[in-house]
Amino acid sequence: MAPIRVAAVRTAVPAWVLAATMVAACSSPDGGSAVDAPEAQFDRAGLLRRIAVDVLTPGYARFATDATALDAAVDAHCAVLDASGDGTASETAARAAWRTAIATWQRLDAVMVGPGAADDLRLRNRIYAWPLLAPCTIDQDVVARWSAPGTFDVATRLDNVRSLAAVEYLLHPTSAVSSCPLSPNGWDALGADLPRARCGLAAAITADVATQAAALAEAWRPGGGDYGTTLATAGQGGSSIPTEREGLNMISDALFYLDKMVKDMKLGESAGIVINACGTVEEPCLREVEHRFADASTLSVRANLAGLRAAFTGTIDGADGLGFDDYLIAVGAADLATRMVGNLDLAITRADALPESFLSALASDRAAVVALHAATKAITDDLKAQFLTVLGLEIPDDVAGDND
Amino acid sequence: MTVVDAGSRVTARVLARAARPIDAAALAAFRIAFGLIALVGVVRLLTSGWIAPMYQDPEVAFTYPGFGWVTAWPSWGMDLHYAVLGVLAALVTVGLWSRLASALFALGFAYTQLIDTTNYLNHHYLVVLLAGLLVVLPAHRTWSIDAWRAPSSRLDVVPAWTLWLLRFQVGVVYVFAGLAKLQGDWLLHAQPLNIWLSARTDTPLVGAWLDEQWVAYAMSWAGFVFDTTIVAWLLWGRTRVIAYVVLCGFHAATGYFFNIGMFPLIMSGAALVFFPPELPRRAIAALALRAGRASMPAPTSPRGPPAVGRALGALLVVHVVVQLALPLRHHLYPGDVRWNEDGARFAWQVMVREKHGSVTYIVRFPDGRRLQVPPRRYLTARQERELAGYPDLILQLGRRIGAEMHAAGHADVRVTVDARVSLNGRPAEAMIDPEIDLLTVSDVGARTWVTPAPSTDPIHLRARP
């Protein structure tokens, strides 16, 4: 037996050396980390709940109400025009309803997740398609609908000729001249009926927007589609979102709206800070301005920033809740949280300082737009770098390939 | 006896051992395993929907020096290309026209990597190397249709150096991947594992511990010890089996936690070369016995193992030297390879850093005006992610922007870049001198245009109870 034992030991010892090496490695001290204990209890599900249930779900309900009000206001305006009345007041009311609706929408658009973002933003684009907008084709639709209202169907049209962007164009005409190089067939024949024709198309589109808004609100409504709960319970049984991390990544992806849409497109390209379609350098490019017909870009950017702040900090009407800032603090990145919220507040302050007329800001106070752009860049620099790294999140649309 | 004599004797002894015949089954089994894994990898790519995002969606491709002429096939062409690679992998597996198939596979797969630098993966590079070795090794002369069709070419034994070469190639990956972890972030701060594991607390059973500091430290040190020593344990007969079990567990874990594709499967399969060369034949014989069939005959080569020609020998020596030199070359360059990425590719710098960044190009006109150019204008999201980590990619795109500006009539513009990058959770810092004109920079020699790596410690994430 002895020789067998010796042989067994000889065989076993090197194996144990290897195993012991691994075990020793596994039991290495933590190297005296700077931070040993959590400073705050953090509830990631609570963060998801705050954003999904408290911020977004009521927002979609509010937007559905606003969209319905807009539809009613446009219908009322059309009725006044059809009755050959003075449409000045009803037009003002319709425009005000549009501004209310777009302000609510812009808060939501800045954090677009879930049903509105599904299928490559299908529902989002049906409600508000900017930068997709084709004024000339809208003019053609004005004629088409006026000629055959019974057969005109908004549902069959492309996103660039419907949505709140098209409504803006239709409610804010600058002249009777078409946006097309050559007037569409039948345009000139509209004559004095042009305002009615425009209003008719606007009404058809606002009805569609109201329908889509209601569908979106229903998709989020507790007791309805209840997507807010789906997002809030990510990673739990019953949610279609498999992990909390995926839920957080969805919201993180949505926050990148600030980078592409606000920083680069709404501010940068419009003001000639970022390369644009006009080829201007440090000069405005009006065709890149978001709400160039209603001149509501200041309103839009303010609403975007407000929506982003609510989602980032979990703050609603001044009441703080769980947000990404708390998450960052909880994992030990308090400096980053402070810096990002500070830069967000700086951007909001600078947006508030902009003239109500974004077009006049571009014309006479471009420095204010440049300052706002710089403030948003400070946020997105952190968003794209340390924020993603610290929270272990992925950049949006990064679907292809492996790592190593 | 002089030192020269002693050296000569050692050399002669090594050469004799290298020429010693061993069972050819080892090479054949490796060829079959490689072919199967390559086939799985190709089918996975074909069915993943990644081909379009990798090759068709990008409007701009980042090129390797001297390979700017390599461009992607049209959409159908890339699908067909990968389908052909699958066929070639199958041919390698069954050993039909095996050498030609290996050569075409190596070239064809290398082509897919050369199209766009952002597609670089260490394990894809390894696949090209292993396929290339199959071209020169006599792996096709045993257990192959080639050998069946031409029995005179069949070999039952091969020289030992053939297996040594495979072991060397696999060993290089582990050892240099281990040495890449010999740095403060990995060993003293457990980064980037702390970041990656903290994001995986949804993992069943063990998730609750994954954001604990001690887990990150344990896994960092385990990974370092594993990579640097596993080859030794595999070479030692007494620890080989347990080492291989540990190896499989290690790769299963890394494959589960990290999105590293075929890497675990490739390494788990390739590491079988450390087992005795006769093992595949014995294993099949045992299976045959269990099935009640006659056992596979022991190798009886009608001829001795093939001799190595001078040209092939020289080629293999060069290969070995290059494989040792490439991973070490970053030591010749100033700065931290994880930051400037100078010498990072083809060097087994596997999963040793986490980088995210924000890159904005700034075109500066002679009159002082500035125009920002977001990389998004040119790149897909995947490319933009890679861009932020690699100064050479940032330089390439900067030059393209400059060329477009020149073509538009702005001959005197300068192109600078605001590249703020976070390394292992540190606050983002400028990775490239924000004042330097990228149009005047050459990527030959030390990257002095890249800033020094951050000197602060990486972040330490707290556990989230």
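The values are calculated or read from the model by the stated rules, or taken from the named source; none is laboratory data. Quick caveat, the model's predicted, so the values are computed rather than measured. So basically every Cβ, Gly included, is an ideal-geometry build from the backbone, and we count neighbours across all protein chains shown. Just the protein is used for accessible areas: all its heavy atoms, side chains included, with ligands, DNA and RNA removed. Shrake-Rupley method; radii C 1.70, N 1.55, O 1.52, S 1.80 Å.
Data overview
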| read-out | value |
| --- | --- |
| Any hit, the range B:197-206, residues being under 15 Å from B:GLY425 (Cα atoms) and modelled with pLDDT of 95 or more | no |
| Wholly within the range A:354-400, helices (runs of 4 or more DSSP H) carrying at least 2 residues that are facing another protein chain (nearest Cβ under 7 Å) and at negative phi | A:366-382, A:388-391 |
| Output for the range B:196-219, where each listed residue is hydroxyl-bearing (Ser, Thr, Tyr) and farther than 17 Å from B:ARG462 by Cβ | B:THR203 |
| Condition met for B:ALA29 (assigned to a helix (DSSP H, G or I) and aliphatic (A, V, I, L, M)) | yes |
| Residue that is among the basic types (Lys, Arg), under 23 Å from the mean Cα position of the chain (by Cα) and within 14 Å of chain A (Cβ to nearest Cβ), where the choices are B:ARG376, B:ARG345 | B:ARG345 |
| Residue in the range A:258-270 that is over 30 Å from B:HIS410 (Cα atoms) and not hydroxyl-bearing (Ser, Thr, Tyr) present | yes |
| Selection count where residues are surrounded by 21 or more Cβ atoms within 10 Å (Cβ to Cβ) and assigned to a helix (DSSP H, G or I), scope the range A:262-284 | 9 |
| Residue identified as away from every other protein chain (no Cβ under 11 Å) and open to solvent by 50 Å² or more (accessible area, probe 1.4 Å) among A:GLY314, A:GLY318, A:GLY323 | A:GLY318 |
| The range A:132-158, residues that are assigned to a loop (DSSP other than H, G, I, E, B) and in contact (Cβ under 8 Å) with a residue 40 or more places away in the chain | A:PRO149, A:PHE152 |
| Subset of the range B:45-60 [in contact (Cβ under 8 Å) with a residue 40 or more places away in the chain and over 22 Å from the mean Cα position of the chain (by Cα)] | B:ASP57, B:PRO58, B:GLU59, B:VAL60 |
| Scope the range B:1-42; condition open to solvent by 70 Å² or more (accessible area, probe 1.4 Å), touching a residue at least 24 places away in the same chain (Cβ under 8 Å) and either under 30 Å from A:ASP402 (Cα atoms) or among the aliphatic types (A, V, I, L, M) (or both); matching residues | B:LEU36, B:VAL40 |
| Residues (surrounded by fewer than 21 Cβ atoms within 10 Å (Cβ to Cβ) and facing another protein chain (nearest Cβ under 9 Å)) located in the range A:245-261 | A:GLU246, A:LYS260 |
| So B:TRP214, is it in contact with an Asp or Glu (Cβ under 8 Å, 6 or more places away or on another chain), open to solvent by 60 Å² or more (accessible area, probe 1.4 Å) and free of Cβ contacts under 8 Å to residues at least 40 places away in the same chain | yes |
| Some residue of the range A:66-87 being open to solvent by 50 Å² or more (accessible area, probe 1.4 Å), under 23 Å from the mean Cα position of the chain (by Cα), farther than 30 Å from A:LEU391 by Cα and not β-branched (Val, Ile, Thr) | yes |
| Enumeration of residues in the range A:363-385 that are over 21 Å from B:GLU429 (Cα atoms) and in contact with an Asp or Glu (Cβ under 9 Å, 6 or more places away or on another chain) | A:ARG366, A:VAL370 |
| Among residues of the range B:139-151, those that are open to solvent by 40 Å² or more (accessible area, probe 1.4 Å) and in contact (Cβ under 8 Å) with a residue 60 or more places away in the chain, counted | 2 |
| Residue match in the range B:390-397 (condition: at the interface with chain A (Cβ under 8 Å from one of its Cβ atoms), under 32 Å from the mean Cα position of the chain (by Cα) and more than 29 Å from A:VAL370 (Cβ to Cβ)) | no |
| Complete set of residues in the range A:101-131 that are of a type in the set (A, V, I, L, M) and assigned to a helix (DSSP H, G or I) | A:ALA101, A:ILE102, A:ALA103, A:LEU108, A:ALA118, A:LEU121, A:LEU123, A:ILE127 |
| Filtered residues of the range B:443-465 (kept if within 14 Å of chain A (Cβ to nearest Cβ), buried (at least 17 other Cβ atoms within 10 Å of the Cβ) and charged (D, E, K, R)) | B:ARG462, B:ARG464 |
| Residue match in the range B:432-442 (condition: away from chain A (no Cβ under 14 Å), surrounded by fewer than 18 Cβ atoms within 10 Å (Cβ to Cβ), within 28 Å of B:TRP186 (Cα to Cα) and among the acidic types (Asp, Glu)) | yes |
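Per-residue answers, yes or no, for (1) in contact (Cβ under 8 Å) with a residue 24 or more places away in the chain; (2) open to solvent by 30 Å² or more (accessible area, probe 1.4 Å); (3) at the interface with chain A (Cβ under 9 Å from one of its Cβ atoms):
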residue	(1), (2), (3)
B:ILE195	yes, no, yes
B:LEU234	yes, no, no
B:VAL241	no, yes, yes
B:LEU247	yes, no, no
B:ILE266	yes, no, no
